[in-house]
Amino acid sequence: MFHKILIANRGEIAVRIIRACRELGIKTVAVYSDVDREALHTQLADESICIGPASSLKSYLNMEQIISATIITKADAIHPGFGFLSENAKFAAMCEKCNIKFIGPSSDVISHMGNKARARQTMMEANIPVIPGSEMPVFEAEEAKELADQIGYPIMVKASSGGGGKGMRIVEKEEDFIRYFHMAQQEAINAFGDNTMYMEKYIVSPRHIEFQILADHYGNVIHLGERDCSIQRRHQKMIEESPSSIIKEELRKKMGEVAIAAAQAVGYESAGTVEFLLDYSGNFYFMEMNTRIQVEHPVTEMVSGLDLIKEQIRIAEGETLSYTQKDITLQGHAIECRINAENPSKNFMPSPGIIKRLLLPGGNGVRIDTAVYQDYEIPPYYDSMILKIIVHDKTRTEAIRKMQTALGEVIVEGVDTNLDFLYEIICHEKFISGDISTSFLQDYFKE
Ligand code: MV4
């Protein structure tokens, strides 16, 4: 059993983890930067340690400093949350060396999945459907083009170290290939110091469907159904839901089995997410696996009744999964909206500052995950997400009505937010009918 966990994160996820620890009777250590002295996670934890200045490079990404804080406070484990060091194989390896349990999969699995070209190869070898494309990593434009000409256009060139849209280009026609390949590769070199690329056939207007899995140290793997995360802007998800309005039980079973097989193919342990693209004809393809807890995990918690953070902690403690696939029943429909301090009419420019007035919704089936409070000053140095509203009801239609009601109640004064934009999406006829895809926002919210 863990006695004490250090949370290497900030914001609502740090608060979420502190609460799970407290419920499990585990002591908590918060780490914070100079500007997070008044942050909720700093105040809620049993102990708090300042790890550096505002810049995340010198604080929340400062591995030595976080390891030192863990040793000084005698914590047994580190929960990395999402973002920051959560998918940093080097950090996980440092924890392993220092005998600190990193709450997540092994550093080997993190680096395996972080290398997207390699993950793709592994999945092909395990007979998991991947998007048609290159079988080996590619480095050289001329060589890549010969392969691209065979695969056929439109094609997508992706950086092996990428994800989240960086180092990625759609190539519509042969003439553009060399130029676009170089552009994507240069971006990859600048962002990741890695020129390894791979290619996939471009799937037009797919749905982004991801499966939540849980895996223990003994090879047991289960899935908790899917999340539909098709509503995104510039690779930032805005609305997520579970189940997906497009997936019927038969497809869910098939994709779930494939997601489990993907996790087993790399010896996965902890909570993880297998991302698929689902095309218009109902074909699905493995895209990536995320080796962390995700922002949108609450929608899965609402429909499954499980606490994913607690499950992660139990798995890290070496417990066997307390559920088999048969024990998992998914009930009702959950939707999450991400509220950011930003101004949609100024190209979504971040809007940090003091929250002068704050009123949050509540009621049956309404969950609020946040770390902000009235008079809190949002610092300009970090992510602009300030609040997640998650609703749960029997049907999708009822969940949408509940989200409309909840969004309508929120009052945030002092900073700009995307609340009105979210409300418009939630009320859009195409969203309500479930006719969504990754091009939804481009198609209907051009301006
Ligand atoms: C794709 C794709 C279509 N075809 N790959 C975007 C983020 C990165 N993780 C992968 N992405 C995509 N890869 C192929 N072969 C379309 C996207 C994509 C996308 C995917 C999920 C959610 C939103 C998206 C928005 C634009 C493009």
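The values are calculated or read from the model by the stated rules, or taken from the named source; none is laboratory data. Note that this is a predicted model, so its numbers are computed, not measured. No Cβ is skipped: glycine too gets one built from the backbone with ideal geometry, and neighbour counts run over all protein chains shown.
Points to keep in mind about this one:
- Extreme residue, nearest to ASP108 (Cα to Cα), among residues of the stretch 229-261 that are part of a helix (DSSP H, G or I) and of a type in the set (Asp, Glu): GLU257
- Of all residues in the stretch 374-403, those being in contact with an Asp or Glu (Cβ under 6 Å, 6 or more places away or on another chain) and part of a strand (DSSP E or B) number 2.
- If only residues of the stretch 215-241 that are more than 16 Å from the ligand (Cβ to nearest atom) and under 16 Å from HIS297 (Cβ atoms) are counted, the one that is surrounded by the most Cβ atoms within 10 Å (Cβ to Cβ) is LEU224.
- Residue within the stretch 377-390 that is more than 25 Å from the chain's Cα centre (by Cα), surrounded by 14 or more Cβ atoms within 10 Å (Cβ to Cβ) and of a type in the set (Phe, Trp, Tyr) present: no
- Among (1) assigned to a helix (DSSP H, G or I); (2) touching a residue at least 24 places away in the same chain (Cβ under 8 Å); (3) closer than 26 Å to GLY282 by Cβ, the one test that LEU147 misses: (3)
- Every residue from the stretch 93-107 that is buried (at least 23 other Cβ atoms within 10 Å of the Cβ), within 17 Å of ALA263 (Cβ to Cβ) and in contact with a helix residue (DSSP H, G or I) (Cβ under 7 Å, 6 or more places away or on another chain): ILE103, GLY104
- Lone qualifier among GLY272, GLY318 - being surrounded by fewer than 23 Cβ atoms within 10 Å (Cβ to Cβ), under 27 Å from ALA89 (Cα atoms) and modelled with pLDDT of 95 or more: GLY318
- Check on SER433, within 16 Å of the ligand (Cβ to nearest atom) and out of contact with any strand residue (DSSP E or B) (no Cβ under 8 Å at 6 or more places or on another chain): no
- Restricting the stretch 426-447 to residues that are assigned to a helix (DSSP H, G or I) and β-branched (Val, Ile, Thr), the residue that is surrounded by the most Cβ atoms within 10 Å (Cβ to Cβ): ILE426
- In summary, ALA148 fulfils each of the numbered conditions (1) within 14 Å of the ligand (Cβ to nearest atom); (2) of a type in the set (A, V, I, L, M, F, W, C); (3) touching a His at 6+ places or on another chain (Cβ under 7 Å) with the single exception of condition (3).
- Checking each residue in the stretch 249-288 for being of a type in the set (Asp, Glu), within 16 Å of the ligand (Cβ to nearest atom) and within 17 Å of LEU214 (Cβ to Cβ) picks out only GLU275.
- Options GLU311, GLU336: the member that is buried (at least 17 other Cβ atoms within 10 Å of the Cβ) and within 15 Å of the chain's Cα centre (by Cα): GLU336
- Looking across the stretch 96-145 at every residue that is at positive phi and out of contact with any Lys or Arg (no Cβ under 9 Å at 6 or more places or on another chain), the one that is farthest from the ligand (Cβ to nearest atom) is identified as ASN99.
- The stretch 22-40 residues that are free of Cβ contacts under 8 Å to residues at least 12 places away in the same chain, paired with ones that are assigned to a strand (DSSP E or B) and of a type in the set (Val, Ile, Thr) (beta carbon under 8 Å, 6 or more apart): ARG22/THR28
- Test for GLY167: is it under 28 Å from SER270 (Cβ atoms), at pLDDT below 95 and either away from the ligand (no atom under 16 Å from the Cβ) or in contact with a helix residue (DSSP H, G or I) (Cβ under 6 Å, 6 or more places away or on another chain) (or both): yes
- Some residue of the stretch 404-425 being assigned to a strand (DSSP E or B), touching a Gly at 6+ places or on another chain (Cβ under 6 Å) and of a type outside the set (A, V, I, L, M, F, W, C): no
- Criterion violated by GLU175 - all others in (1) of a type outside the set (Lys, Arg); (2) at pLDDT 95 or above; (3) touching a strand residue (DSSP E or B) at 6+ places or on another chain (Cβ under 9 Å) satisfied: (3)
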